[in-house]
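One structure is given below, encoded as structure tokens.
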Amino acid sequence: LEGKLRRLAIVRGPRKYLELVLRFIDGTDDRLVLMKDVLEIRRGLPTNANDVFYLPSKYWTYAGEDANYLILRGPGNKVVKVSKTYLRRLIRPDHLRESAYGVTTLPILRREDYVLWVDDLSKVTDPRTYEYVKWAEKLVEEEYRTSGGTKFAAIHESLESSPSTWLRLPDTSGSLLLLRSAIHRNYSVWLNSVREAQVDKRLYLGYLRPEYEGKVSPEVVFAVANSVLTYLGVELMGRANLGEGALDVETVDYEAVPIVDPARLEESLRRAGRLDDLKAVVSRVLSLRPANIEDEARRPERMEMERLVLGPLGLSDDDVRELYKGLVELANLRTRRAESVRRQHYNA
């Protein structure tokens, strides 16, 4: 079972958390599952050349847009227009900075709001877009040559071997959830309603697995993903090796996190006549902006949501508060340790 949950990394968690997860590991409690059994977790776009694909960019700044074109100003004050037929909206961490838990719209930040979306260059009929692509090809060639073959190496290889399809990217649209790859004190998972947008690689995508499609409501999956039980698992499985003591969480880390089985939970709530209660409180949570965990723990909406998610596991309100207290302590320990290391390095 995922290397006994990474050789029982969970032992650092609160006692109540340890009790629940040990019963899951022993096979005596089937109300938990691993996140990977419910969600397929994928990384966002690997463009290998954001300066080419993401627009506006450091080379081409925002000059305006209309319903059909993104207008850019670039080298030598040159202006190009890229047809929105060949663009997709892009979700980056910056686009979520002011977002509520429910992502329904994306702001225009005038930097990396779009990703170039060209499957086959031979089918591009808009001459103004083609003009930008020709500039991009020239940039890749020049940067590759002047860097001695180190910059844009993968893109250059693709351009050389497949000149008509070198711009093709994997589709990262359509995910139910958006998850963080770097966590400091905010563990939030967003419910994604902008399904047509592509997603930057600094975020992860959570797609519901076929076994759960049509069997579980998005609100239930969201509530489970944002439960303190899930957050604790992320804290314990992640790696504290980023700046300021932030957690580096890989897709394999998320996959190994024990979570409440959303299908079992939904059935339990339906039998108890409480499913609509959960959906109602989730609706309120979706309108809130995510906050650091110590602030989240004080939100009445969150406690109400936890009561419906963790209550069926036998956890009381006091138990849930203890889980939050334990998570805050783990986050404090992680950040204090990073501060101590910085001080030692500074004084050395």
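The values are calculated or read from the model by the stated rules, or taken from the named source; none is laboratory data. Small disclaimer: the values here were computed from a predicted structure and weren't measured. All Cβ positions, glycine included, derive from the backbone under ideal geometry; neighbour counts span all protein chains shown. Accessible surface is based on the protein model in full, side chains and every heavy atom, while ligands, DNA and RNA are left aside. Shrake-Rupley method; radii C 1.70, N 1.55, O 1.52, S 1.80 Å.
Stretched out straight at 0.36 nm per residue, the stretch from Ile71 to Glu196 would grow longer than its current Cα-Cα span by 42.8 nm.
In the elastic network of the chain, a GNM with C-alpha springs shorter than 10 Å, the most mobile of Leu72, Leu286, Leu109 is Leu109.
Ranking Ala280, Gly314, Ala297 by Cα position along the charge dipole of the range 265-330, where only Lys, Arg, Asp and Glu carry charges on their C-beta atoms, puts Ala280 farthest toward the positive end. Bridging of Lys325 to aspartates and glutamates at a Cα separation below 15 Å is possible for Glu235, Glu294, Asp295, Glu296, Glu306, Asp317, once same-chain residues fewer than 8 apart are set aside. For the listed residue pairs Lys78/Lys138; Lys78/Lys151; Lys36/Lys215; Lys84/Lys201; Lys84/Lys151; Lys58/Lys138, the alpha carbons are over 19 angstrom apart in Lys78/Lys151; Lys84/Lys201; Lys84/Lys151. A cut-off under 15 angstrom between Cβ atoms defines the neighbours of Asp171, and their net charge, with Lys, Arg +1 and Asp, Glu -1, is +2. Would you please give the FRET efficiency between Asp318 and Thr61, computed as 1/(1 + (r/R0)^6) with r the Cβ-Cβ distance and R0 = 35 Å, to the nearest 0.05? E(calc), rounded to 0.05, equals 0.05.
Spin-label pair Arg336-Arg168: with each label point 7 Å from Cα along the Cα-Cβ axis, the two points sit 5.4 nm from one another. Take the alpha carbon gyration tensor of the range 171-326, find the square roots of its eigenvalues, order them as a ≥ b ≥ c, and report rounded if a/c is under 1.5; if not, report prolate when a/b exceeds b/c, else oblate. Here the range 171-326 falls in the oblate category. Over the residues of the chain, the helix contribution to mean residue ellipticity at 222 nm works out to -12500 deg cm²/dmol, using -39500 (n - 2.57) for each DSSP H run of at least 4. Taking label points 7 Å from Cα along the Cα-to-Cβ direction, Glu211 and Asn241 give a separation of 3.1 nm. Counting only protein heavy atoms and a probe of 1.4 Å, the accessible surface of the range 1-130 is 47% carbon and sulfur.
Please compute the per residue accessible area over the chain with all protein chains in place, 1.4 Å probe, rounded to a whole number of Å². Before the final figure, lay out the partial values.
Values: 16000 Å² over 348 residues.
Normalised by residue count, the accessible surface of the chain is 46 Å².
Largest GNM mean-square fluctuation among Ala182, Ala246, Ala280, using the chain with Cα springs under 10 Å: Ala280. Between Thr125, Thr47, Thr165, the residue with the greatest mean-square fluctuation in the GNM of the chain (Cα pairs under 10 Å linked by springs) is Thr125. Each label point was placed 7 Å from the Cα along the Cα-to-Cβ direction; for Glu160 and Asp120 their separation is 2.6 nm.
Other residues within the sphere of radius under 9 Å centred on the Cβ of Ala197, judged by their own Cβ, net out at +2 (K and R +1, D and E -1).
Other residues lying with their Cβ under 11 Å from the Cβ of Lys16 contribute a combined charge of -1, Lys and Arg counting +1, Asp and Glu -1. Assuming charge only on the beta carbon of Lys and Arg (+1) and of Asp and Glu (-1), the dipole of the range 74-129 about its Cα centre is about 200 debye to the nearest 20. Taking amide H as placed 1.01 Å from N in the peptide plane, Thr172 has its amide H under 5 Å from the amide H of Val199, each at least 5 places away in sequence or on another chain.
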